[in-house]
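The values are calculated or read from the model by the stated rules, or taken from the named source; none is laboratory data. Quick caveat: nothing in here was measured; it's all calculated off a predicted structure. Here the Cβ is made from the backbone with ideal geometry for all residues, glycine too, and neighbour counts use every protein chain on show.
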Amino acid sequence: MKRLNKFVKTVVDGMQEKKGKNIRVVDLSKIDDTICNYLVICEGNTPTQVHAIAESVGDMMREKRDARPLTVDGQRNNLWIAMDYADIVVHVFVPECRQFYDIDNLWEDADLTDIPNVE
């Protein structure tokens with residue numbers, strides 16, 4: 001597996017801490033005119049798990065990287081939470097929303113890294 005940026009690795013660790021599944025890192029750093037350098041996407045089985053995953057990512061980024069999101073959206077219903085860390089945008093979905101919006105595949109030129117699920 002490709003070596004991940006330390007901030008992206010911290011996001012992935014936060015997702016795995018709460019059993020986030022189907023983690024995908026979308027590297028946009030070589031593509032012009034994108035809103036960030038990385039998307040890190042995962043899913044939780046329920047809105048409660050989606051919330052826990054996002055909270056874990058926020059805690060780890062704060063504790064390990066002294067980083068706080070510029071904005072967090074979606075915490076009212078916890079079906080899709082987006083966290084904006086400027087260079088990294090984190091998306092945590094319930095499976096149905098992830099499939100519907102299909103943001104994993106918006107940039108066909110992006111370098112994709114799938115992270116194995118932790119059991």
Exactly one condition in (1) farther than 23 Å from residue 107 by Cα; (2) in contact with a Phe, Trp or Tyr (Cβ under 7 Å, 6 or more places away or on another chain); (3) surrounded by fewer than 16 Cβ atoms within 10 Å (Cβ to Cβ) is not met by residue 64; state its number. (2)
The number of residues in segment 8-40 that are touching an Asp or Glu at 6+ places or on another chain (Cβ under 6 Å) and hydrophobic (A, V, I, L, M, F, W, C) is 2
If I filter segment 90-97 for residues that are under 21 Å from residue 31 (Cβ atoms) and of a type outside the set (Phe, Trp, Tyr), do I get at least one hit? yes
Counting only strands (runs of 3 or more DSSP E) wholly inside segment 44-106, the ones holding at least 3 residues that are under 11 Å from the mean Cα position of the chain (by Cα) and without any contact (Cβ under 8 Å) to a residue 12 or more places away in the chain are none
Matching residues in segment 1-39 - criterion: being assigned to a strand (DSSP E or B) and not charged (D, E, K, R): 22, 23, 25, 26, 38, 39
For residue 24, state whether it is at pLDDT 95 or above and surrounded by fewer than 21 Cβ atoms within 10 Å (Cβ to Cβ). yes
Only one of 96, 108, 119 is of a type outside the set (Val, Ile, Thr) and either within 15 Å of residue 46 (Cβ to Cβ) or surrounded by 11 or more Cβ atoms within 10 Å (Cβ to Cβ) (or both); which? 96
